[in-house]
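Presented below is the structure to which this report refers.
The values are calculated or read from the model by the stated rules, or taken from the named source; none is laboratory data. Just so it is clear, the model here is predicted, and its values are computed rather than measured. With ideal geometry, Cβ positions are generated from the backbone for all residues, glycine too; neighbour counts draw on all protein chains shown. When the accessible area is computed, the model is the full protein with side chains, heavy atoms only, and any ligands, DNA or RNA have been set aside. Shrake-Rupley method; radii C 1.70, N 1.55, O 1.52, S 1.80 Å.
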Amino acid sequence: MLATPSGSPACADDGRPRRLAAQLADMIPGASTIRVSLTDPTQTWPHLHAVVKDEAGKTMVLGRPTARVTARWILRVWPAVDWMRSHTFCLADATLTRSDLAAAERGR
């Protein structure tokens, strides 16, 4: 894709998050949200980490490869985001919000 002198793509791909949400919904049936960060609590070094939850808020168990691929795909759609802080990707409306901000909105 051609880029403007500022380095941004000449034509923005606004449908990319929606396509990703559709792909992830197909790949992980029943998933509602995916929390992604580079701070896996079980690792010392920055490491891709994804936690998938269903509509009821229960954590879904994923295999390691699926969790890594999921996190990597989300990371590639939003490369400029600070991934040292966790972000939540909502599959219903294809939005990405910082997890601490999303928790504050819910009243935690």
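Brief remarks follow.
- Candidates ALA80, ALA92 - the one that is farther than 17 Å from ASP26 by Cα, part of a loop (DSSP other than H, G, I, E, B) and modelled with pLDDT of 90 or more: ALA80
- Subset of the range 30-49 [within 20 Å of ARG18 (Cβ to Cβ) and touching a Lys or Arg at 6+ places or on another chain (Cβ under 7 Å)]: SER32, THR33
- Selected residue (criterion: farthest from ASP14 (Cα to Cα)) from residues of the range 43-61 that are more than 9 Å from the chain's Cα centre (by Cα) and among the hydrophobic types (A, V, I, L, M, F, W, C): TRP45
- Some residue of the range 6-24 being part of a strand (DSSP E or B), modelled with pLDDT of 85 or more and within 15 Å of CYS90 (Cα to Cα): no
- Residue pairs whose Cβ atoms lie under 7 Å apart, separated by 6 or more positions or on different chains, with the first residue in the range 29-51 and without any contact (Cβ under 8 Å) to a residue 40 or more places away in the chain and the second among the hydroxyl-bearing types (Ser, Thr, Tyr), are PRO46/THR39; HIS49/SER37; HIS49/THR39; ALA50/THR70; VAL51/THR59.
- Among the candidates VAL36, VAL52, residue that is part of a strand (DSSP E or B), surrounded by 17 or more Cβ atoms within 10 Å (Cβ to Cβ) and at pLDDT below 95: VAL36
- Residue in the range 62-72 that is over 12 Å from the mean Cα position of the chain (by Cα), at pLDDT below 95 and not in a helix (DSSP H, G or I) present: yes
- When the test is whether a residue is within 13 Å of the chain's Cα centre (by Cα), surrounded by fewer than 15 Cβ atoms within 10 Å (Cβ to Cβ) and either over 25 Å from ASP100 (Cβ atoms) or touching a residue at least 24 places away in the same chain (Cβ under 8 Å) (or both), ARG18 passes it.
- Residue check for TRP45: open to solvent by 80 Å² or more (accessible area, probe 1.4 Å), among the hydrophobic types (A, V, I, L, M, F, W, C) and outside any loop (DSSP other than H, G, I, E, B): no
- Within the range 95-105, the set of residues being modelled with pLDDT under 90 and open to solvent by less than 60 Å² (accessible area, probe 1.4 Å) comprises SER99, ALA102, ALA103.
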